[in-house]
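Each remark here refers to the structure printed beneath this line.
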Amino acid sequence: MAVAREFEYFRPETLEHSISLLGEYGENARVLAGGTDMALKIKQGVETPKAVVDIKGISELERLESTDNGLHLGALVTFSQVMASGLVAANFPLLRDAAATVGSVGIRNRATLVGSLCSAVPSLDIGPALLVHEAVVLTRSAGGTRKTGINKWFTGPKQCALEPGELVTGIVVPLPPGKAGGCYVKRGRYAGKDPAQAGVGILAMEKNDYRVAFCAVGPVAKRAPSIETCLHGQELTDPLIKAAQALVPQEISPITDIRASKAYRTLIIKVMLERGLKTAVSRLKGKPSAHGAIWI
Amino acid sequence: MKKTITLTLNGDARSVDVETTETLLAVLRNKLGVKSPKCGCDQGECGACTVLLNGKSVRSCLIFSVEVDGQEVVTLEGLSHNGPTPLQQAFIDRSAFQCGYCAPGVILSATELLTVNPHPTQTEVQEAIAGNLCRCTGYESLIEAILAASRE
Ligand SMILES: Cc1cc2nc3c(=O)[nH]c(=O)nc-3n(C[C@H](O)[C@H](O)[C@H](O)COP(=O)(O)OP(=O)(O)OC[C@H]3O[C@@H](n4cnc5c(N)ncnc54)[C@H](O)[C@@H]3O)c2cc1C
């Protein structure tokens, strides 16, 4: 079994204590939430913190509730909790569908959405859903609190807008302005238990307003503004889908890696865009199409 | 760095000295004498190290033992204080496993499933054990045994 480098373990019970620990240890501190990324990195020696600050003792970070600004997901909320929440199912089915594609039960029982945002891998499945919902990331440090729009959160592969000494306290997911239909389309090497080779999240809203976001086809998960502009105000028709697909290459910059080639990603993402748009629109119109993510 | 942790392991209060760097998996196997969780991939992929932490299936290879101080851990050993559970019996009756390496993880994942969802569909069974890799059976016998137990 892999053996980690020595570290000191802290389990603060208040936000204040956790933030003072992060300040005290600076560069040498790492936050530990579900640990599905961090524990592995420590074991492999990729991360060698002197202080591990486990935030699971801070009960105020467990909040999953609806607020005036939308759904509040505390930093300790796991993918399993999002899947089981009636609140999420009723108002944010896209979040639930995307959460259900992450790893397997034993991972989702532990892995947090905020941990996924902080690891910021380009393939994060929850990225597109949070992007099309225009979520806001709440952070706190000794200097005070900060809000960062999710579109400014991802700054590079495995890089995000988190600053030294800062802790993410939660995410706020605003309700869409009116009725909406959502769809997450994930392409994995097999249905489940594998990071996305490509992912598309769609939110179709009233008055033919569409939001589109991608993951795993560029250095960061991102919205696709030119595609949204092309679709805006128009009924979804086959020629319109073709026009949107033609804009895909300018919105993505995929790489070739162990999971898929650049050419494959470029091709498949267009197919995924079409299926996602059609499904999201049919859900908006209340057609009894089954909920759930689409695996292709 | 040394620490003493206390946990409820299979119903018993246990105290043990650990290094902060030791995983729950390592402490269970090497210090607490519980051998059912296996070290397969050691990266959270294979599910052989599955245990129930406060009733939920987790990867013990991705948890430092210090994280479970004061909490409740159940391993396969903890299920059968009164003989095999109906789920375990369903596996025995059908000889549903072959080499058995994945068995503790599969049984614990299925135990969690049947606790929250006593009458799952086949799809729900497949989803519940999707994180438990089995290289012998092709999964069919596992799924059948779980469904059979859910019908009893
Ligand atoms: C076997 C396996 C399969 C997986 N499959 C998928 C998949 O299909 N799709 C997918 O999207 N992901 C997948 N993942 C990744 C998984 O979603 C992430 O590992 C998880 O969401 C990270 O959350 P965590 O709570 O475990 O974070 P941790 O591992 O605890 O932390 C991750 C990072 O975030 C930082 N951090 C965590 N919380 C905070 C906070 N509140 N403030 C500041 N920093 C913080 C940590 O310091 C660390 O850098 C998989 C992982 C594994 C191990």
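The table for this structure:
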{"quantity": "Residue-averaged 222 nm ellipticity for chain A, from DSSP H runs of 4+ at -39500 (n - 2.57), nearest 500", "calculated": "-9000 deg cm²/dmol"}
{"quantity": "Gyration tensor over alpha-carbon atoms, the stretch A:65-110, equivalent ellipsoid semi-axes in Å", "calculated": "19, 12, 7"}
{"quantity": "Extended-chain gain in nm, criterion 0.36 nm per residue less alpha-carbon gap, residue B:81 and residue B:140", "calculated": "18.4 nm"}
{"quantity": "Given charges at beta-carbon only (K, R positive; D, E negative), |dipole| of chain B in Debye", "calculated": "300"}
{"quantity": "Under DSSP loop assignment and at most 13 Cβ neighbours within 10 Å, longest trypsin sites (Lys or Arg not before Pro)-free interval of chain B", "calculated": "B:36-134"}
{"quantity": "Convex hull projection area averaged over all views, the protein assembly as shown, Cα basis, nm²", "calculated": "21.4"}
{"quantity": "Computed accessible area, residue B:91, all protein chains, 1.4 angstrom probe, square angstrom", "calculated": "10"}
{"quantity": "Residue B:95 versus residue B:69: modelled label distance in nm, points set 7 Å from Cα along the beta carbon direction", "calculated": "4.9"}
{"quantity": "Additional length obtainable on full extension of the chain from residue A:255 to residue A:65, 0.36 nm per residue less Cα span", "calculated": "64.6 nm"}
{"quantity": "At 0.692 mPa s and 37 °C, Stokes diffusion of the stretch A:1-133 via Kirkwood alpha-carbon radius, µm² per second", "calculated": "208"}
{"quantity": "Pairwise Cα inverse-distance average, inverted: Kirkwood Rh of the stretch B:2-75 (Å)", "calculated": "11.9"}
{"quantity": "Placed amide H near residue A:175: partners under 5 Å, 5+ positions off or other chain", "calculated": "A:71"}
{"quantity": "Chain B: most fluctuating residue of B:100, B:44, B:33 per GNM, C-alpha cutoff 10 Å", "calculated": "B:33"}
{"quantity": "For residue A:32, distant residues with modelled amide H under 5 Å away", "calculated": "A:53, A:54, A:55"}
{"quantity": "Using alpha-carbon coordinates, inclination of helix A:15-25 to the longest axis of chain A, degrees", "calculated": "70"}
{"quantity": "Rounded to the nearest 10 Å², the accessible area of residue B:123 at probe 1.4 Å", "calculated": "100"}
{"quantity": "Separation in nanometres of the label points that stand 7 Å from Cα toward Cβ, at residue A:190 and residue A:209", "calculated": "4.3"}
{"quantity": "Accessible area (Å², 1.4 Å probe, nearest 10) - residue A:38", "calculated": "30"}
{"quantity": "Distribution of pairwise C-alpha distances over the stretch B:86-151, 5 Å bins, in %", "calculated": "3, 20, 37, 27, 11, 2"}
{"quantity": "Over chain B: Kirkwood hydrodynamic radius from C-alpha pairwise inverse distances, Å", "calculated": "15.7"}
{"quantity": "With at most 16 neighbouring Cβ atoms within 10 Å, loop GluC sites (Glu not before Pro) (DSSP) excluded, longest segment of chain A", "calculated": "A:14-234"}
{"quantity": "GNM result for chain A, Cα springs below 10 Å: residue of A:261, A:18, A:116 fluctuating most strongly", "calculated": "A:261"}
{"quantity": "Whole-number D in µm² s⁻¹ for the stretch B:54-133, Kirkwood Cα-pair radius fed into Stokes-Einstein, 20 °C, 1.002 mPa s", "calculated": "155"}
{"quantity": "Length-normalised contact order for chain A - Cα pairs under 8 Å, 6+ apart - percent", "calculated": "16"}
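The values are calculated or read from the model by the stated rules, or taken from the named source; none is laboratory data. Computed from a predicted structure; not experimentally measured. Don't worry about glycine lacking a Cβ; one is built from the backbone with ideal geometry, like all the others, and counts go over all protein chains shown. Accessible surface is based on the protein model in full, side chains and every heavy atom, while ligands, DNA and RNA are left aside. Shrake-Rupley method; radii C 1.70, N 1.55, O 1.52, S 1.80 Å.
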